[in-house]
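The structure under discussion appears below in the form of structure tokens.
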Amino acid sequence: MDHPALFKTQLKAILRASVGRDVKIIIPMVSDLPEVYFTKKILNEVKSELSKKRIRYNKDVQLGIMIEVPSAVILAHHLIEEVDFFSVGTNDLIQYTLAVDRNSEKVSRYFEPLNSAILYMLKRLIEITDEAGKEITVCGEVAGDPLYVPLLVGLGYRKLSVNPIGINLIKDIIHKISFKDTKELVDKAMNMKTAKDIRLLLEDYFSKMKKMCKIYLPAY
């Protein structure tokens, strides 16, 4: 927002590259609605300029936002009305929600993906996007960790952004887990009060799954 001219150049380049391609635009670190309004305003100006110059672009390019800060979760019911999709950046969302710098030796041990507050946020986001009929993706280390995958599936997430090296393993796990079981897993987890208890629950499920699935799974 401090550099609208540069932002406009970037959006123009994305649109010009979108011809014949499935391109989406995603805005990071959104914390309030005016940031989305600003982006849409600039995007519409860019589209108008390209159209006047008869420069081709994909008119169906979708606009989404990263959910990375707690305010975006609280305002999600308003934000979803303004965009086509959400992507949950779990690394930053956990960090900012728990006030933890995951790169600090002094406090990184408090970086806890299974904190109940994080689960409530993930549950709220999937409910809001489902109700709006919009797409949502989970990215970050949580999405690529086999231990958390059954929990994400049970919550209702259907799109995970995973490091390429882990795609085959995550796909294999998803193919072999029971959706009914993951729903029961989530129900139990949501009624637990500490991350330690939730982790023990997931590890127990994971241990049983290793016996059922003839696939290599990391040890927990």
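All of the numbers you see were taken from the coordinates with simple rules; none came from a lab. Bear in mind that the values here come from a model prediction, so they are computed numbers and not experimental data. Virtual Cβ from ideal backbone geometry, glycine too; neighbours counted across all protein chains shown.
Which one, L202, L33, L114, has the greatest fluctuation when you compute a Gaussian network model over the chain with C-alpha springs under 10 angstrom?
Largest GNM mean-square fluctuation: L33.
Would you calculate a helix-derived [θ] at 222 nm for the chain, using -39,500 (n - 2.57) for each DSSP H run of n ≥ 4 and dividing by the full residue count, to the nearest 500? Intermediate results must be reported in sequence, preceding the final value.
Working: 10 runs with 115 residues, N = 220.
So the calculated ellipticity at 222 nm is -16000 deg cm²/dmol.
Would you work out the relative contact order for the chain, in percent, from Cα pairs under 8 angstrom that are 6 or more residues apart?
About 15 percent, as a whole number.
For a test of the definition: using alpha carbon positions, the gyration tensor, and the 1.5 limit on a/c, classify the range 1-116 as rounded, prolate or oblate.
Verdict is prolate for the range 1-116.
Please report, in debye to the nearest 20, how large the charge dipole of the chain is about its Cα centre when each Lys and Arg carries +1 at its beta carbon and each Asp and Glu carries -1 there. Provide the component values of the computation, followed by the final result.
Numbers: 33 positive and 28 negative charges, 170 e Å.
Magnitude of the dipole: close to 820 debye.
Going by amide H atoms built from the backbone, whose H comes under 5 Å of the H on E135, apart from near neighbours?
F86
Do any GluC sites (Glu not before Pro) in the range 1-107 lie in a DSSP loop with no more than 13 other beta carbon atoms within 10 Å, and if so, which?
Hits after loop and neighbour filter: E81, E105.
So which GluC sites (Glu not before Pro) in the range 116-192 are both in a DSSP loop and have at most 16 other Cβ atoms within 10 Å of their Cβ? Working shown, then result.
Values: sites: E127, E131, E135, E141, E184; in loops: E141.
Counting only loop positions with at most 16 other Cβ atoms within 10 Å, the GluC sites (Glu not before Pro) in the range 116-192 are E141.
Go through the range 1-108 and name the trypsin sites (Lys or Arg not before Pro) that are in a DSSP coil and have 14 or fewer other Cβ atoms within 10 Å of their Cβ. Walk me through the intermediate numbers first.
Values: sites: K8, K12, R16, R21, K24, K40, K41, K47, K52, K53, R54, R56, K59, R102, K106; in loops: R21, K53, R54, R56, K59, R102, K106.
Passing both the DSSP loop test and the Cβ count: R21, K53, R54, R56, K59, K106.
For K40, go through the lysines and keep the ones whose alpha-carbon is under 23 Å away, minus same-chain ones fewer than eight residues off.
Counting by Cα, and skipping residues close in sequence, K40 has these lysines nearby: K8, K12, K24, K52, K53, K59, K134.
Taking the chain as the reference, fit the longest principal axis to its C-alpha atoms, fit the long axis of helix 116-132 to the helix C-alpha atoms, and give the angle between the two in degrees, 0 to 90, nearest 10.
Compared with the principal axis, the helix lies near 50 degrees.
Could you go through the range 10-16 in sequence order and give the Karplus-derived ³J(HN,Hα) for each residue, using 6.51 cos²θ - 1.76 cosθ + 1.60 with θ = phi - 60°, rounded to whole Hz, and x for Gly and Pro?
In residue order, the calculated couplings are 5, 5, 4, 5, 4, 5, 5 Hz.
Leaving out same-chain residues fewer than 8 places away, which lysines sit with a Cα under 19 Å from that of K180?
Counting by Cα, and skipping residues close in sequence, K180 has these lysines nearby: K123, K159, K171, K188, K208, K210, K211.
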